Amino acid sequence: MRLTSVLVCVWVVTAGAALAAPDTSLRPVARADNTAEPATASLRNMRPVARPALLEAALVRQLTRQFETGADPGFQRALESQTTLMSRAFAAVSPQATGWSLRPILRPDSMIQKAMAQRRERAKGAVCGDPGLQGEFVGFVPGRIAACGIEEAVKIRAVSGIALSQQALMDCTTAAAFKKWVDQGVKPAIGNAGGGLSQIRVAAHYACRTRNNQPGAKISEHGKGRAIDISGFRLRDGTEITLLQDWNRRGTGTMLRQMHQRACGIFGTVLGPDSDRFHKDHFHFDTARHRGGAFCR
Ligand SMILES: [Zn+2]
């Protein structure tokens, strides 16, 4: 009963306002073409049909474009708050419209949902918000001992379109560094040799162990999901390039040394066959940060 009387009140007030509207207001409340039946017409025109809907559609188009092109992970939150702001803005401009219709609230939301679904579809299999990192989100990985474990782990199976020989568990910081190295270090060094790079041989990734498996040594970065060991590369024609056999070889050795050099800085620690006896057959990369810059041997 109370709601009905409120509605009737609003009706009477707005219908009255509409009659006076053409002389006193530019708002699209009452229009000249409705003069024959002013009371009924004004009721029709109170509805949020023309202007709010157009404004809203334009805003949503703009937001959708931003959403589709933006890589900002905070964008969805921003979008949601903008949607709320939009609803409030309409309420301020046109109280009748938002009071009488659910459309201005519901429609942007469904359009945004659609845009988000499309984006998810495109990014299928992507982790760390990067389509170039294919794999799955794992989340918290508890360590066997307290010093081990990963807060937010991902399991990577392909980097920048190149398959890994085994899936590798790490955090997103390390995954991002890995991808940067594949793009800026590995691909340019190999170029079109053997038809180009087809697979990266992963020797180790997450493992709760001490450095170089030495008793009493500090926990390795491998135990924190911040390290990866690479032992070789396969080319499209089937050629295998390995750290063990090719590091000192002409041609392929030059490629490996370029990759090693380029990794320095992308990763905080870079160890290759020349560093010590533990790394004759693989590159060790990790994202630990050292005072005085990257440690590369
Ligand atoms: Zn290692």
Could you tell me whether the stretch 138-146 includes any residue that is part of a loop (DSSP other than H, G, I, E, B), touching a strand residue (DSSP E or B) at 6+ places or on another chain (Cβ under 6 Å), modelled with pLDDT of 95 or more and in the same structural domain as D183 (by TED's automatic domain parsing)? no
Condition set surrounded by 20 or more Cβ atoms within 10 Å (Cβ to Cβ) and outside any loop (DSSP other than H, G, I, E, B), scope the stretch 268-297, selection farthest from the ligand (Cβ to nearest atom): answer is V270
Does Q245 satisfy the condition of being outside any loop (DSSP other than H, G, I, E, B), more than 16 Å from the ligand (Cβ to nearest atom) and either modelled with pLDDT under 95 or more than 16 Å from A189 (Cα to Cα) (or both)? yes
Could you tell me which residue of the stretch 219-242 is surrounded by the fewest Cβ atoms within 10 Å (Cβ to Cβ), considering only residues that are among the charged types (D, E, K, R) and not in a loop (DSSP other than H, G, I, E, B)? E240
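Residues G251, G196, G191, G216: which one is closer than 23 Å to A147 by Cβ, surrounded by fewer than 17 Cβ atoms within 10 Å (Cβ to Cβ) and away from the ligand (no atom under 16 Å from the Cβ)? Even if it seems obvious, please write down each step before you answer.
Working: G251 fails: closer than 23 Å to A147 by Cβ; G196 fails: closer than 23 Å to A147 by Cβ; G191 fails: closer than 23 Å to A147 by Cβ.
Just one listed residue meets the conditions, G216.
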Unique match (being touching a strand residue (DSSP E or B) at 6+ places or on another chain (Cβ under 9 Å), part of a strand (DSSP E or B) and within 16 Å of the ligand (Cβ to nearest atom)) among A203, A163, A175: A203
If we scan the stretch 176-185, do we find a residue that is surrounded by fewer than 16 Cβ atoms within 10 Å (Cβ to Cβ) and in contact with a Leu (Cβ under 9 Å, 6 or more places away or on another chain)? no
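The values are calculated or read from the model by the stated rules, or taken from the named source; none is laboratory data. In this text the structure is predicted, and so the values were computed from the model without any measurement. Positions of Cβ are generated from backbone atoms using ideal geometry, with glycine treated the same way; all protein chains shown enter the neighbour counts.
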